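The next block holds one structure in the form of structure tokens; read it before the comments.
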Amino acid sequence: MSLFNAVEMAPRDPILGLTEQFVADPNPKKVNLGVGVYYDDNGKLPLLECVQKAEEKMMAAHAARGYLPIDGIAAYDAAIKALVFGADSEAVKSGRVATVQALGGTGGLKIGADFLKKLNPTAKVLISDPSWENHRGIFRDAGFTVENYPYYDADKRGIDMDGMLTALNTAPAGTIVVLHACCHNPTGYDLTAAQWDQVVAAVKARKLVAFLDMAYQGFGQGIAEDGIAVAKFLASGEDFLVSTSFSKSLSLYGERVGALSVLCQNKDEATRVLSQLKIVIRTNYSNPPTHGGQVAATILNTPELRALWEKELAAMRVRIKEMRGALVGKLKEKGVQRDFGFITQQVGMFSYSGLTKEQMVRLRNEFGVYGIESGRICVAALNSKNIDYVAESIATVVR
Ligand code: PMP
């Protein structure tokens, strides 16, 4: 009998399944708004100029490819600390941040999850309802019980702040709370500064553990503006964790460039935490790959390239905002009565469009416009060529 006879077929990833369906669709006008990827106005995945320049520099250096240290490239980790917490912050200067290079934002979350599981095996994890689905999987497979905290209020088209605070205020001490630092995926609704104050206060009062997922820094309002949640947790004096991803902000999806940072009370604590993070990495994949981290470190640590990156990042951010405005305007133009103005209040790559499952299915089957059945669309996949068709298709299904 085969050892694997009893292995069950795992469910397909719903978003990847949608992409396969999209690829097979013969409709020449088809548009894929299901992905979580930024495309430029020509519908192409950009290779940023700052990345090309960094790679040229790296190629010219003809560096050998030895193993990296377990925690990654030192200059990369230093650049992450400066980016996330501020180069001049007391936390960075005093050495109380432990940062490791990770395999994308997913890797940062996973290292953090494994570390926290060893530290507090009985803790519960709370994720937002709804959330990026992998949050549940990552923490569940690290051995945690994962529950939701209310986040999205469909009737109000916004955040269920009372529900969220009630969940935090009744959670047992030690509960790990996964928070989207900016550009909430999938809804596009972020907390305001005042709402962050309330969340930080609840986390502090209840002795919860905040784990900020920062997968889109610079895609919402700006690099500094998108760091508001980190800044507020930093000011609170609490310990917390932050995962970082450059998948979107450097358009380096396949290079798996990310990090985990753990904010500790002092340098001695950070040294011990770092030693434990290194064990998690060592026993999983030993050490991270060289290329993506070196690209990011070169960009962040070279002033001209850093300036170029900020310019290119701003252009991506502005284009997404323009597409939000254009979609709302075109829906109006096409005689849609319903006010879709809320789409311009959302931030980041995604929008909870408010469209029903039936409408999303019609968009896909009748028009080749692919979004998630929850109504989530990727605004960063809209462009000046497909937006008319998308708006017309939406107008038809909401009529
Ligand atoms: N967190 C959130 C909220 C995300 O949307 C994503 C990517 N879609 C990630 C983490 C993971 O990013 P990465 O691809 O860098 O692993």
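Rule-based calculations on the coordinates, nothing more; no lab input. Small disclaimer: the values here were computed from a predicted structure and weren't measured. When we count neighbours, we look across all protein chains shown, and the Cβ atoms used for this are built from the backbone with ideal geometry, even at glycine.
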Q. When the chain is fully extended, how far beyond the present Cα-Cα distance does Asn134 get from Gln21, taking 0.36 nm per residue of separation?
A. 38.6 nm
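Taking 8 Å as the Cα distance limit and 6 or more residues as the minimum spacing, I'd like the relative contact order of the chain as a percentage.
26 percent
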Q) Taking amide H positions as placed 1.01 Å from N in the peptide plane, with prolines and chain starts having none, which residues 5 or more places from Ser128, or on another chain, fall under 5 Å of its amide H? A) Tyr149
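Return the loop-located chymotrypsin sites (Phe, Trp or Tyr not before Pro) in segment 1-93 (DSSP other than H, G, I, E, B) with at most 14 other Cβ atoms within 10 Å of their own Cβ; answer none if there are none.
Values: sites: Phe4, Phe22, Tyr38, Tyr39, Tyr67, Tyr76, Phe85; in loops: Phe4, Tyr38, Tyr39, Tyr67.
Answer by residue number: Phe4, Tyr67.
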Q | Residue list for segment 54-69, given a label point 7 angstrom along the Cα-to-Cβ vector of Ser286 and an amide N cut-off under 18 Å | A | 64-69
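Order by neighbour count: Thr187, Thr19, Thr106, fewest other Cβ atoms within 10 Å first, most last. It would help to have the intermediate numbers written out before the result.
Values: Thr187 28, Thr19 15, Thr106 21.
Fewest to most other Cβ atoms nearby, the residues stand as Thr19, Thr106, Thr187.
What number comes out for the charge environment of Ala142, summing +1 per Lys or Arg and -1 per Asp or Glu over other residues with Cβ under 13 Å away? Write out the running numbers ahead of the final one.
Numbers: positive: Lys110, Lys117, Lys118, Lys124, Arg136, Arg140; negative: Asp114, Asp141.
Cβ neighbours under 13 Å give a net charge of +4.
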Q. With each pseudo-label sitting 7 Å past Cα toward Cβ, what's the Glu366-Ala307 distance in nm, one decimal?
A. 5.3 nm
Q | Neighbour net charge for Ile176 - beta-carbon separation under 11 angstrom, K R +1, D E -1 | A | +1
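Let's see if you can work this out: charge +1 on each Lys and Arg Cβ, -1 on each Asp and Glu Cβ, no other charges. What is the dipole magnitude of the chain about its Cα centre, in debye to the nearest 20?
Numbers: 44 positive and 43 negative charges, 41 e Å.
For this selection, approximately 200 debye.
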Q | Centre separation in Å (Cα based) which lies between segment 135-167 and segment 45-96 | A | 33 Å
(Q) Quick check: pseudo-label points 7 Å beyond the Cα along Cα→Cβ at Ala63 and Gln195, how many nm apart are they? (A) 4.1 nm
Q. Projected onto the charge dipole of the chain (+1 at Lys/Arg Cβ, -1 at Asp/Glu Cβ, origin at the Cα centre), which of Ala87, Asn27, Val230 gives the Cα projection farthest towards the positive end?
A. Asn27
Q: Determine ³J(HN,Hα), in whole Hz, for all residues of segment 339-348 in sequence, where each value follows from phi through the Karplus function 6.51 cos²θ - 1.76 cosθ + 1.60 and θ = phi - 60°; x replaces Gly and Pro.
A: 7, 9, x, 4, 4, 7, 8, 7, 10, x
Q.
Under 17 Å from a point placed 7 Å out from the Cα of Thr356 along the Cα-to-Cβ direction: which residues of segment 307-349 have their backbone N that close?
A. 337-339
Q: Go through segment 127-183 and name the chymotrypsin sites (Phe, Trp or Tyr not before Pro) that are in a DSSP coil and have 15 or fewer other Cβ atoms within 10 Å of their Cβ.
A: none
Q.
I need the calculated FRET efficiency for the pair Glu56 and Val7, taking r as the beta carbon distance and R₀ as 45 Å, to the nearest 0.05.
A. 0.45
Q) What residues have an amide H closer than 5 Å to that of Ala215, excluding those fewer than 5 places away on the same chain, when H is modeled at 1.01 Å from N in the peptide plane? A) Ala181, Cys182
Q | Mean-position separation - Cα centroids, segment 193-259 and segment 324-387, in angstrom | A | 27 Å
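How much length is gained if the chain between Ala315 and Gln265 is pulled fully straight, taking 0.36 nm per residue apart and subtracting their Cα-Cα distance, in nm to one decimal?
Working: separation 50, 0.36 × 50 = 18.00 nm, distance 3.75 nm.
Using 0.36 nm per residue and subtracting the Cα-Cα distance, I get 14.3 nm.
Using 0.36 nm per residue of separation minus the Cα-Cα distance, give me the extension gain between Leu47 and Glu322 in nm, one decimal. If you can, show how the numbers build up before the last one.
Details: separation 275, 0.36 × 275 = 99.00 nm, distance 2.08 nm.
Additional length available on full extension: 96.9 nm.
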(Q) I need the phi-derived Karplus couplings for segment 199-207: 6.51 cos²θ - 1.76 cosθ + 1.60, θ = phi - 60°, integer Hz, Gly and Pro marked x. (A) 5, 4, 5, 5, 4, 5, 4, 8, 6
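So what's the back-of-envelope 222 nm ellipticity for the chain, counting only DSSP H runs of four-plus at -39500 (n - 2.57) apiece and dividing by all residues, rounded to 500?
Values: 14 runs with 179 residues, N = 399.
Dividing the helical sum by the residues of the chain leaves -14000 deg cm²/dmol.
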Q.
Need one number: % antiparallel among DSSP beta bridges in segment 67-289, to the nearest 5.
A. 45 percent
Q. Once the mean 1/r over all distinct Cα pairs of segment 1-143 is inverted, what Kirkwood radius in angstroms do you read off?
A. 20.1 Å
